[in-house]
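Note sheet for the following structure.
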Amino acid sequence: MKAIEILNGNVEALTFLIGVILSSIISFIGYKSESLSRSGVVGAMVTGTLIFGFGGWAAGLLLLAFFASSSALSHFREAQKSAVAEEKFSKGGKRDLSQALANGGMAALLAVVWRLWPSTIWFAALVGALAAVNADTWATELGVLNPHPPRSITTGRVVPVGTSGGISPLGTGAALAGATFIGFVAWLLAQLPGAWLTPAYSRSLTVILIAAIAGLASALFDSLLGATVQQIYYCDHCQKDTERVVHSCGTQTRALRGWSWMDNDVVNFLASVIGAAVGAALVRIVG
C-alpha cells in the first residue's frame, strides 16, 4: 500500500513537472509571436500548469487548442483590424496577466475541482468554459471584418464596428465556430488512448453539441454585458465611445456608462463562468 502511494505521488509530481515544462514552452512561443506580454507569460504559465497538472492531457490540449487558434486569428488581417483595436478596445493583441487569467482562470479552477472531486460534470463544465473564451475570441477577431456595421444586441440599432455589445452575422457565426472547434477537439482527444478521466459522453458527438451551445450562449451573454453594464468611456475630442481610459488620440476619456469595475476582462471571465454552467447543465440533460 505504501509503495502504491509513493508511486502515485511520483506520477502526480511528474504530471505537474510536465505541465510546467509545456506551459513554459507554450508561453515562450506566445511571447515570441507577440501573442503574450511579459505579464501574460506569467498568467499563461499559471493557468497552463494548473490545467495540465490537474486536468491531464485532455484538459491541457484543449487549452492549447484555444491558445493556438485564438493567437492565429489575432494575426489574421492584423493591419485591417488594428485601427478598430486601437480606437475601441482597451488592450492590444498581446494578452497580459489579467487577460490570461480571465480566459483561463475558470478552466484552471475546474481542472482542480475535477481532480479533487472526480465527476463527469466537471469535464463538461471545463469544455464549456474553454468553448466560451474561444467563442468570444473568434467573434472579436473575425466580427470586426463583417462587411456591414454590427447592431446592438439590446436595441437592434446599427453601431460602429468594435462597439461593446454589437453583434453581426459574421461575429455570431465565428462564435459558434470557435465553440464548436473546442467541442471537436474534446471529442477527438477522447478517441485517443490514455485520456485521463475523460467521461464516456465525450467519446460521442454529444460533447461537440455541449460546447457549441455553451460557447454561443456565453458569447451572447458577453455581448449583453458589453451593451449594458461594462464600463465604457467617451472621447470628447474624437466624439467616440471606447473601452480605453486614454483614447488612441491621447485624450483622457470620461466614463460614459457601466460599472467602474466591470472591464472587458471581468466580462470575459463571467462569460466563461456562464459557459461552464451551461456545459454542466447540458450534460445533466443529454449526457
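The values are calculated or read from the model by the stated rules, or taken from the named source; none is laboratory data. Given the structure is predicted, the values throughout are model-derived calculations rather than measurements. Every residue, glycine among them, receives a Cβ derived from its backbone with ideal geometry; neighbour counts consider all protein chains shown.
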Practice task
Kindly indicate the residue of the stretch 81-100 that is crowded, with 22+ Cβ neighbours inside 10 Å and either in contact with a Cys (Cβ under 9 Å, 6 or more places away or on another chain) or part of a helix (DSSP H, G or I) (or both) and also modelled with the lowest pLDDT among those meeting that condition.
Solution key: K81
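Hey, could you check the stretch 8-60 for residues that are aliphatic (A, V, I, L, M) and touching a residue at least 60 places away in the same chain (Cβ under 8 Å) and say which is surrounded by the most Cβ atoms within 10 Å (Cβ to Cβ)?
Taking the stretch 8-60 first, the residues aliphatic (A, V, I, L, M) are 11, 13-14, 17-18, 20-22, 25-26, 29, 36, 41-42, 44-46, 50-51, 58-59.
Retained after the next criterion (residues that are touching a residue at least 60 places away in the same chain (Cβ under 8 Å)): 36, 44, 46, 50-51, 58-59.
Values: L36: 28, A44: 29, V46: 18, L50: 25, I51: 29, A58: 25, A59: 31.
Top of the filtered list is A59.
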Practice task
Looking at (1) more than 16 Å from the chain's Cα centre (by Cα); (2) surrounded by 16 or more Cβ atoms within 10 Å (Cβ to Cβ), find the lone condition where A271 falls short.
Solution key: (1)
Completion exercise
Filtering the stretch 157-168 down to residues that are under 20 Å from the mean Cα position of the chain (by Cα) and in a loop (DSSP other than H, G, I, E, B) yields G162, T163, S164, G165, S168
Completion exercise
Apart from one, (1) surrounded by fewer than 22 Cβ atoms within 10 Å (Cβ to Cβ); (2) at pLDDT 90 or above; (3) polar (S, T, N, Q) all hold for N146; the odd one out is (2)
Practice task
Just need a number here: residues in the stretch 226-237 that are hydrophobic (A, V, I, L, M, F, W, C) and free of Cβ contacts under 8 Å to residues at least 60 places away in the same chain.
Solution key: 2
Practice task
Scan the stretch 118-173 residue by residue and report those that are within 24 Å of Y234 (Cβ to Cβ) and hydroxyl-bearing (S, T, Y).
Solution key: T140, S152, T154, T155, T163, S164, S168
Practice task
State whether one or more residues within the stretch 233-249 are loosely packed, with under 14 Cβ neighbours inside 10 Å, modelled with pLDDT under 90 and at positive phi.
Solution key: yes
Practice task
Go through the stretch 169-184 and give me each residue that's more than 15 Å from the chain's Cα centre (by Cα) and among the aliphatic types (A, V, I, L, M).
Solution key: L170
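Quick check on the stretch 70-80: of everything there that is buried (at least 19 other Cβ atoms within 10 Å of the Cβ) and either among the polar types (S, T, N, Q) or touching a strand residue (DSSP E or B) at 6+ places or on another chain (Cβ under 7 Å) (or both), which residue is modelled with the highest pLDDT?
S70
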Handout entry: Test: D263 is in contact with a Leu (Cβ under 7 Å, 6 or more places away or on another chain) and modelled with pLDDT under 95
Key = no
Fill in the blank from the handout: Going through the stretch 101-139 in order, the residues found to be over 16 Å from L63 (Cα atoms) and either in a helix (DSSP H, G or I) or under 15 Å from the mean Cα position of the chain (by Cα) (or both) are V113, R115, L116, T120, I121, A139
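For every residue, the table says whether it meets (1) part of a helix (DSSP H, G or I); (2) at pLDDT 85 or above; (3) surrounded by fewer than 23 Cβ atoms within 10 Å (Cβ to Cβ).
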{"site": "E141", "(1), (2), (3)": "yes, yes, no"}
{"site": "T155", "(1), (2), (3)": "no, yes, yes"}
{"site": "L170", "(1), (2), (3)": "yes, yes, yes"}
{"site": "G178", "(1), (2), (3)": "yes, yes, no"}
{"site": "W187", "(1), (2), (3)": "yes, yes, yes"}
{"site": "A211", "(1), (2), (3)": "yes, yes, no"}
{"site": "F221", "(1), (2), (3)": "yes, yes, yes"}
{"site": "L224", "(1), (2), (3)": "yes, yes, yes"}
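In the stretch 232-279, how many are of a type outside the set (S, T, N, Q), in a strand (DSSP E or B) and touching a strand residue (DSSP E or B) at 6+ places or on another chain (Cβ under 7 Å)?
Here is the first cut: in the stretch 232-279, the residues of a type outside the set (S, T, N, Q) are 232-238, 240-241, 243-247, 249-250, 254-259, 261-263, 265-267, 269-271, 273-279.
Pick out the ones that are also in a strand (DSSP E or B) and you get 232-235, 240-241, 246, 254-257.
From what's left, touching a strand residue (DSSP E or B) at 6+ places or on another chain (Cβ under 7 Å): 232-235, 241, 246, 254-257.
Matching residues across the stretch 232-279 total 10.
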